[in-house]
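Colleague: Mind having a look at this structure? Questions to follow.
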Amino acid sequence: MLKSWRIVVFFVLMITLGFFFGLAHKKNIFPYMSYISRTKILNDSIMIVNKIFNPIHGWSNITDIFNNKLSSVQENMLLETINTSSKTMLNISFVSPSEVLKGGDGIIFLETTDRMQPPTLILCAIESAARVYKNRPVAFFMKGLSNTNKEEMVKRHFSALSSLRNVHFFPLKFEEVFADTPLHSWYQKIDPQQQSFWTHVSSDACRIALIWRHGGIYMDTDIISIDAIPKKDFLAAESSQYSSNGVFGFSPHHDFTQKCIVDFVQNYDSRIWGQQGPRLFTRILKRSCHLPEFAGFEDGMCGNYTLFNPKRFYPIPGSDWKKYYEVWEKLPSFNNSYALHLWNFVNKQKLTMVPGSNTLLEFLYKEHCPSTYSATSS
């Protein structure tokens, strides 16, 4: 009689467990919290079953099997939690940058200040890249982001990107980025407070190190993507005889990025604008190749990588940067461009996209980052 009663209790517990499991799964608004709640239900149930049935001869094997089965269920829950797309949240990565970028084809953006509320141009840059490179990870490394504030920050400031599941956010930690490169000893020796243009110099160092380590494409956060770049290893000429470092791409541990890291340290001088940036890239490039005088739309080659024509990324030169904020009688097509650099560094007036202004920039927002435009217009 006692044995029969305990069997009934066992099945009641199983039914109850199934009910709460289903409820927790149905309420999976925040996947990680749902995983925690379901895990607690499972663990509490295991403890109750063990207390009731372990004294009965012959039931210990059953509870062991039940315990092992629950461990498997818990493991599946965690995998489900990480892989399930949430309708209300961005992809808050629980995995490392190395895991996300292991394919060597990621798109990398950087924020080397502590700024946590990015302007809409940064959001547009990330969104446009995520839409153009739908099957590739887009990683945004932020210095002000920590593992503890990641979830709160992402929900608050990046809701416009919530439908883009290939966007990932990571804390930017200089020590980790520079590890196992000559940049690590350089970083340990200098005082950032004494460096001219430190925000830009640190960004120059990080972008080289990240592309050297992971491969993929680096882009400045004022670049709007409009078409996929067809080459894996490339530089972008800003003008004839001069390379930019605002957008470039290489496979992991490429010879070019390795040479850049060495030269960065050997010829470091933060007092000279661009010494560790476009000047560095141009120095390395000129050691190996003759830079072409770009006349039409042709691209150049240097060994095993491409030197793209300035019109691919800089169809509007820096001297004419205000044209992006003007109303055009006839909008340009940019058919020969892969992305557009908006020269935000020289935008000292802090001009922005204004909804309803009919400027070229408003058109680009509507066309290439519609979610950001919608959020800005609301």
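The values are calculated or read from the model by the stated rules, or taken from the named source; none is laboratory data. Just so you know, these numbers come straight off a predicted model, no measurement behind them. Glycine also receives a Cβ, built like all others from the backbone with ideal geometry; neighbour counts cover every protein chain displayed. What goes into the accessible areas is simple: the full protein's heavy atoms, side chains included, and nothing from ligands, DNA or RNA. Shrake-Rupley method; radii C 1.70, N 1.55, O 1.52, S 1.80 Å.
Colleague: Taking the condition of being touching a Cys at 6+ places or on another chain (Cβ under 8 Å) and more than 18 Å from E99 (Cα to Cα), how many residues in the stretch 127-176 meet it?
Modeller: Just the residues of the stretch 127-176 that are touching a Cys at 6+ places or on another chain (Cβ under 8 Å), to begin with: 127-128, 131, 141, 172, 174.
Applying the additional criterion that residues be more than 18 Å from E99 (Cα to Cα) yields 127-128, 131, 174.
Residues flagged as touching a Cys at 6+ places or on another chain (Cβ under 8 Å) and more than 18 Å from E99 (Cα to Cα) within the stretch 127-176 amount to 4.
Colleague: Filter the stretch 337-346 down to residues that are open to solvent by 30 Å² or more (accessible area, probe 1.4 Å) and of a type in the set (A, V, I, L, M, F, W, C) and give me whichever is nearest to A295 (Cα to Cα).
Modeller: By that ranking, first place goes to W343.
Colleague: Tell me, which residue of the stretch 363-378 that is under 21 Å from the mean Cα position of the chain (by Cα) and either among the aliphatic types (A, V, I, L, M) or surrounded by 17 or more Cβ atoms within 10 Å (Cβ to Cβ) (or both) is nearest to K322 (Cα to Cα)? Spell out the reasoning first.
Modeller: We begin by selecting, within the stretch 363-378, every residue under 21 Å from the mean Cα position of the chain (by Cα); these are 365, 368-373, 375.
Okay, now just the ones that are also either among the aliphatic types (A, V, I, L, M) or surrounded by 17 or more Cβ atoms within 10 Å (Cβ to Cβ) (or both), so 365, 368-369, 371-373, 375.
Values: Y365: 16, H368: 19, C369: 20, S371: 24, T372: 21, Y373: 20, A375: 24 Å.
Taking the candidates together, the pick is Y365.
Colleague: Which of the residues spanning the stretch 210-254 are open to solvent by 10 Å² or more (accessible area, probe 1.4 Å) and in a strand (DSSP E or B)?
Modeller: Those that are open to solvent by 10 Å² or more (accessible area, probe 1.4 Å) and in a strand (DSSP E or B): E238, S239, Y242, N245.
Colleague: Could you please let me know if T376 is in contact (Cβ under 8 Å) with a residue 40 or more places away in the chain and assigned to a loop (DSSP other than H, G, I, E, B)?
Modeller: Numbers: in contact (Cβ under 8 Å) with a residue 40 or more places away in the chain: yes; assigned to a loop (DSSP other than H, G, I, E, B): no.
Judged against the criteria, T376 is not a match.
Conditions tested, residue by residue: (1) out of contact with any Cys (no Cβ under 6 Å at 6 or more places or on another chain); (2) in a loop (DSSP other than H, G, I, E, B); (3) open to solvent by 60 Å² or more (accessible area, probe 1.4 Å).
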| position | (1), (2), (3) |
| --- | --- |
| P292 | yes, yes, no |
| L307 | yes, no, no |
| E329 | yes, yes, yes |
| N335 | yes, yes, yes |
| K348 | yes, yes, yes |
| T352 | yes, yes, yes |
| L361 | yes, no, no |
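Colleague: Kindly indicate whether G249 is without any contact (Cβ under 8 Å) to a residue 60 or more places away in the chain and within 25 Å of L123 (Cα to Cα).
Modeller: Working: without any contact (Cβ under 8 Å) to a residue 60 or more places away in the chain: yes; within 25 Å of L123 (Cα to Cα): yes.
Yes.
Colleague: Let me ask something else about it. Looking only at the stretch 255-290, count how many residues are acidic (D, E) and surrounded by fewer than 18 Cβ atoms within 10 Å (Cβ to Cβ).
Modeller: Step one: filter the stretch 255-290 for residues acidic (D, E), giving 255, 263, 269.
Okay, now just the ones that are also surrounded by fewer than 18 Cβ atoms within 10 Å (Cβ to Cβ), so 255, 269.
Looking only at that region, the number is 2.
Colleague: Here's something else I'd like to know. Out of the residues in the stretch 312-327 that are over 21 Å from I107 (Cβ atoms) and among the hydrophobic types (A, V, I, L, M, F, W, C), state the one that is least open to solvent (accessible area, probe 1.4 Å). Outline the logic, then answer.
Modeller: Within the stretch 312-327, the first condition is being over 21 Å from I107 (Cβ atoms), and the residues that meet it are 316-327.
Retained after the next criterion (residues that are among the hydrophobic types (A, V, I, L, M, F, W, C)): 316, 321, 327.
Values: I316: 10, W321: 29, V327: 98 Å².
Top of the filtered list is I316.
Colleague: While we're on this one: May I ask you to say which residue of Q276, Q195 is farther than 25 Å from S98 by Cβ and more than 17 Å from the chain's Cα centre (by Cα)? Don't jump to the end; show me each part of the working.
Modeller: On the way: Q276 fails: farther than 25 Å from S98 by Cβ.
None of the other options fit; the residue is Q195.
Colleague: Since F297 meets every condition but one in (1) modelled with pLDDT under 95; (2) closer than 30 Å to F178 by Cβ, which condition does it not meet?
Modeller: (2)
Colleague: Is there any pair linking a residue in the stretch 272-297 that is within 21 Å of V262 (Cα to Cα) and free of Cβ contacts under 8 Å to residues at least 60 places away in the same chain to one that is open to solvent by less than 30 Å² (accessible area, probe 1.4 Å) and part of a helix (DSSP H, G or I), with Cβ under 7 Å and at least six apart or on different chains, and which?
Modeller: Cβ pairs passing all conditions: F281/C260; R283/D263; I284/F256; I284/C260; I284/D263.
Colleague: How about the stretch 158-183: which of its residues are under 20 Å from T112 (Cα atoms) and crowded, with 17+ Cβ neighbours inside 10 Å?
Modeller: Selection gives F158, V167, H168, F169, F170, L172, F174, V177, F178, T181, L183.
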